[in-house]
Amino acid sequence: MTRGNIVRFWQTVLYSTYYEPWGMRCWFVDGSFGSGTNDWTEKWQDARDLTADGWVGDNTWAKLRSYLVVASSNQYHVTYKWQPSPLYGSPTVYVDYAIATGKWRYKDLCDDGVWKPIDH
């Protein structure tokens with residue numbers, strides 16, 4: 001089983017996607033890629049015409065990146081956002097790229113909005 005902030009980030013994407021009407025809440029975001037995360041990943045992939053294999057590989061990351069829009073930018077950072085279902089009031093996912101270091105971080109919606117590094 002995979003664990004860590006990269007899993008928490010992916011679970012945050014799923015949480016935001018399935019917040020309503022499916023009723024997903026922060027209890028789902030635990031940083032462990034188990035069977036529940038696999039099942040919701042397959043659902044996310046299938047809804048976007050990807051191979052629904054539960055593997056968050058290059059095609060899945062590329063599809064997510066295609067949905068990100070620039071929220072703000074300066075010479076140091078580019079911050080992106082994604083809100084999959086504004087109609088249902090789903091939470092907005094924020095991800096930030098540091099230009100100088102090439103590092104990514106995300107705003108953990110289930111941990112009081114703390115910015116966390118996205119690492120393996």
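The values are calculated or read from the model by the stated rules, or taken from the named source; none is laboratory data. Here the structure is a predicted model, which means the values were calculated and not measured. Here Cβ is always computed from backbone atoms with ideal geometry, including for glycine, and neighbour counts include all displayed protein chains.
Computed quantities for the displayed model
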quantity: Only listed residue being acidic (Asp, Glu) and farther than 21 Å from ILE118 by Cα, chosen from ASP30, ASP39, ASP58; calculated: ASP39
quantity: Condition met for GLN75 (surrounded by 15 or more Cβ atoms within 10 Å (Cβ to Cβ) and over 20 Å from ASN5 (Cβ atoms)); calculated: no
quantity: Residue list for the stretch 109-120, restricted to those being of a type outside the set (Val, Ile, Thr) and modelled with pLDDT under 95; calculated: LEU109, CYS110, ASP111, ASP112, GLY113, ASP119, HIS120
quantity: The stretch 89-106: number of residues that are surrounded by 12 or more Cβ atoms within 10 Å (Cβ to Cβ) and in contact (Cβ under 8 Å) with a residue 24 or more places away in the chain; calculated: 7
quantity: Subset tally (residues that are free of Cβ contacts under 8 Å to residues at least 40 places away in the same chain, surrounded by 12 or more Cβ atoms within 10 Å (Cβ to Cβ) and either within 18 Å of LEU109 (Cβ to Cβ) or in contact with a His (Cβ under 6 Å, 6 or more places away or on another chain) (or both)) for the stretch 58-70; calculated: 2
quantity: The listed residue being touching a Leu at 6+ places or on another chain (Cβ under 9 Å) and surrounded by 12 or more Cβ atoms within 10 Å (Cβ to Cβ), out of TRP55, TRP44; calculated: TRP44
quantity: Unmet requirement for SER16, which otherwise passes all of (1) farther than 20 Å from GLY4 by Cα; (2) touching a Ser or Thr at 6+ places or on another chain (Cβ under 6 Å); calculated: (1)
